[in-house]
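Heads up, the thing below is written out as structure tokens.
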Amino acid sequence: MKPWSERPPEVAHLFNPAFCALLLREAVRGFAEVSPSGMPHPLVFLLLPIVLHKTTRESLPSSIATKMHPWLQEHQEARIGFCERCAAVSGHTREAIIFAMNAQMVTLSDFGSMQAPRLRLKQLTWPGNSESATCRKRAYFVGRWLASAGDNATIFAMWGVRP
């Protein structure tokens, strides 16, 4: 990872560890709503490439009733370049995990799954229709969707990546 002073402002803003940690927390909360045991650590690395990629984010279904595999079959374009996006943002994902754990936004269970403890976070002042608010909502959805999609190996295979 480049030092902050060497990152382009656009990259520094989009991949701000605090913002990415908030997205991570939302996904973990969504996952826990469907699967109370918590989100497996490897699945976290799929979140940012799905949610921060505008084309993919906008094409996501509106309900987890839409199963992931049939959706990916109908939206093959979501898998184009996905492996490269995962690799490109893995460092930012690691930064977000570190930030979230240091701020106690997420914790690890005894079994290594991620949990989102109850917190009183400051109310965000984003307009409801802003891209940041949309990313947050979609992160929550993606967490719920991943929880109902199957085991880790199946999910990674569907997206065409290896952990």
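What the table below lists for this structure:
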read-out: Unique residue being under 30 Å from Arg7 (Cα atoms), in contact with a helix residue (DSSP H, G or I) (Cβ under 8 Å, 6 or more places away or on another chain) and modelled with pLDDT under 95 when the list is Ala103, Ala133; value: Ala103
read-out: Single residue of segment 35-75 satisfying the filter (among the polar types (S, T, N, Q) and closer than 20 Å to Cys135 by Cα) that is farthest from the chain's Cα centre (by Cα); value: Thr66
read-out: Residue identified as part of a loop (DSSP other than H, G, I, E, B) and among the charged types (D, E, K, R) among Arg57, Arg85, Arg118, Arg94; value: Arg118
read-out: Pair list, Cβ < 7 Å and 6+ apart or interchain, from segment 72-97 residues that are surrounded by 14 or more Cβ atoms within 10 Å (Cβ to Cβ) to residues that are of a type in the set (Ser, Thr, Tyr); value: His75/Ser59; Ala78/Thr56; Ala78/Ser59
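The values are calculated or read from the model by the stated rules, or taken from the named source; none is laboratory data. These figures come from a predicted structure and were not determined experimentally. Heads up, the Cβs are rebuilt from the backbone with ideal geometry, glycines too, and the neighbour counts pull from every protein chain shown.
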